[in-house]
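A.B. asks: Dropping a structure here in structure tokens format, bear with me for questions.
The values are calculated or read from the model by the stated rules, or taken from the named source; none is laboratory data. Treat the numbers as computed from the prediction; the structure is a model and nothing was measured. Cβ placement follows ideal geometry from the backbone for every residue including glycine, while neighbour counts extend to all protein chains displayed.
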């Protein structure tokens, strides 16, 4: 997967993504202006420097994002 510049493309509304401000990587949910917020925002859930979950960062602070990777398949082991 490659990082996508926020100025080139933004995620779909209510999409969980990885995003960065150029210093740290965050797990976030993106909300578009059409979701009831005044502006596009990445709602940061986990990452360095997050005091409380669900800190709001405007997309102009977040420089890049990428979709979350797919969950790996696993085999159930019988005992």
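A.B. asks: Residue 61 - would you say it is modelled with pLDDT under 85, surrounded by 16 or more Cβ atoms within 10 Å (Cβ to Cβ) and part of a loop (DSSP other than H, G, I, E, B)? First the steps, then the outcome.
C.D. replies: Details: modelled with pLDDT under 85: yes; surrounded by 16 or more Cβ atoms within 10 Å (Cβ to Cβ): no; part of a loop (DSSP other than H, G, I, E, B): yes.
Answer is no for this residue.
A.B. asks: Out of (1) touching a strand residue (DSSP E or B) at 6+ places or on another chain (Cβ under 6 Å); (2) modelled with pLDDT under 85; (3) in a loop (DSSP other than H, G, I, E, B), what's the single condition that is false for residue 45?
C.D. replies: (3)
A.B. asks: Count, please, the residues in region 10-25 that happen to be in a loop (DSSP other than H, G, I, E, B), touching a residue at least 40 places away in the same chain (Cβ under 8 Å) and more than 18 Å from residue 70 (Cβ to Cβ).
C.D. replies: Adding up the residues that qualify gives 3.
A.B. asks: Can you work out which of the residues in region 1-16 that are surrounded by 12 or more Cβ atoms within 10 Å (Cβ to Cβ) and farther than 13 Å from residue 63 by Cβ is farthest from the chain's Cα centre (by Cα)? Steps first, please.
C.D. replies: Of the residues in region 1-16, the ones surrounded by 12 or more Cβ atoms within 10 Å (Cβ to Cβ) are 3-4, 6, 10-11, 13, 15-16.
Narrowing further to those that are farther than 13 Å from residue 63 by Cβ: 11, 13, 15-16.
On the way: 11: 8, 13: 11, 15: 7, 16: 5 Å.
Only one residue tops the list, namely 13.
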